[in-house]
Amino acid sequence: MIEAILIINNYGQARLSRFYNKPAFNDQKKIIQECFQLLSKRSERVCNFLEGSSSWGKNIKLIYRHYATLYFVFAVDASESELGVLDLIQVFVEALDKCFENVCELDLIFYADKVNYILDEIVMGGMVLETSLKQILHAVNGNLQAKKQTRSRVKQAKAHVLKRS
């Protein structure tokens with residue numbers, strides 16, 4: 001099971017944090033800081049897996065990828081495949097890249113709701129829902145079209161009400 005998903009920039013600031021076991025807020029901050037300290041010290045040449053840390057416990061693995069200025073970190077238990085989670089990170093990043101056209105840190109800040117929606121299409125409650133990039137993008141684009149249609153209908157209804165007045 002996935003215990004947490006974190007996106008941390010090169011300065012240790014969390015740009016997304018999703019904890020599925022719900023630790024206290026102060027503990028979450030401590031966990032994010034520890035993750036950054038562990039990951040930022042590692043060479044680019046070493047593997048992308050870390051086993052056990054003081055905040056997570058010995059049964060949790062940190063699996064991560066470092067893209068440009070962001071660390072994408074998944075904290076998982078022993079039941080998850082390391083290579084499967086690396087692939088999942090790749091799918092998540094590709095989905096973000098397709099939705100934002102060359103995703104950057106500012107996209108994660110200004111469009112946090114969309115980023116969370118994309119993540120919800122991939123992982124829910126610590127369980128992987130979808131790994132197909134095509135299906136994820138289809139769901140995200142369908143949601144955007146529904147929002148546009150709703151906004152259009154609201155505008156039409158407002159115009160109709162104003163016309164009657």
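The values are calculated or read from the model by the stated rules, or taken from the named source; none is laboratory data. These numbers come from a predicted model, not from an experiment. Here the Cβ positions follow ideal geometry from the backbone for every residue, glycine too, while neighbour counts run over all protein chains shown. These area figures cover heavy atoms from the full protein model, side chains too; ligands, DNA and RNA do not enter into them. Shrake-Rupley method; radii C 1.70, N 1.55, O 1.52, S 1.80 Å.
Within the range 11-31, the residues that satisfy the criterion of being open to solvent by less than 60 Å² (accessible area, probe 1.4 Å) and in contact with a helix residue (DSSP H, G or I) (Cβ under 8 Å, 6 or more places away or on another chain) are G12, A14, L16, S17, R18, F19, P23. Only one entry in I136, I60 is assigned to a helix (DSSP H, G or I), open to solvent by less than 30 Å² (accessible area, probe 1.4 Å) and either out of contact with any Lys or Arg (no Cβ under 7 Å at 6 or more places or on another chain) or under 18 Å from I8 (Cα atoms) (or both), namely I136.
Regarding the range 119-131, can at least one residue be identified that is over 14 Å from the mean Cα position of the chain (by Cα) and at pLDDT below 90? The answer is no, given that none of the residues of the range 119-131 is over 14 Å from the mean Cα position of the chain (by Cα) and at pLDDT below 90. Selection of first residues in the range 22-33 that are more than 9 Å from S55 (Cα to Cα) and of second residues that are open to solvent by 60 Å² or more (accessible area, probe 1.4 Å) and of a type in the set (K, R), restricted to Cβ pairs under 8 Å at least 6 apart or on distinct chains, gives an empty result. Selection within the range 32-55: residues that are assigned to a helix (DSSP H, G or I) and open to solvent by 70 Å² or more (accessible area, probe 1.4 Å). The member of this set that is farthest from L16 (Cα to Cα) is Q37. When V115 is tested against (1) open to solvent by 30 Å² or more (accessible area, probe 1.4 Å); (2) in a helix (DSSP H, G or I), exactly one condition is not met: (1).
Once the range 100-112 is narrowed to residues that are outside any loop (DSSP other than H, G, I, E, B) and over 13 Å from the mean Cα position of the chain (by Cα), the residue that is modelled with the lowest pLDDT is F100. The set of residues in the range 105-131 being more than 13 Å from L16 (Cα to Cα) and in contact (Cβ under 8 Å) with a residue 12 or more places away in the chain consists of E121, I122, V123, G125, G126, M127, V128, T131. Screening the candidates V85, V73 for the property of being in contact with a Cys (Cβ under 7 Å, 6 or more places away or on another chain), buried (at least 18 other Cβ atoms within 10 Å of the Cβ) and either at pLDDT 90 or above or among the polar types (S, T, N, Q) (or both) yields one hit, V73.
The residues in the range 22-46 that are closer than 14 Å to I60 by Cβ and not aliphatic (A, V, I, L, M) can be counted, and the count is 4.
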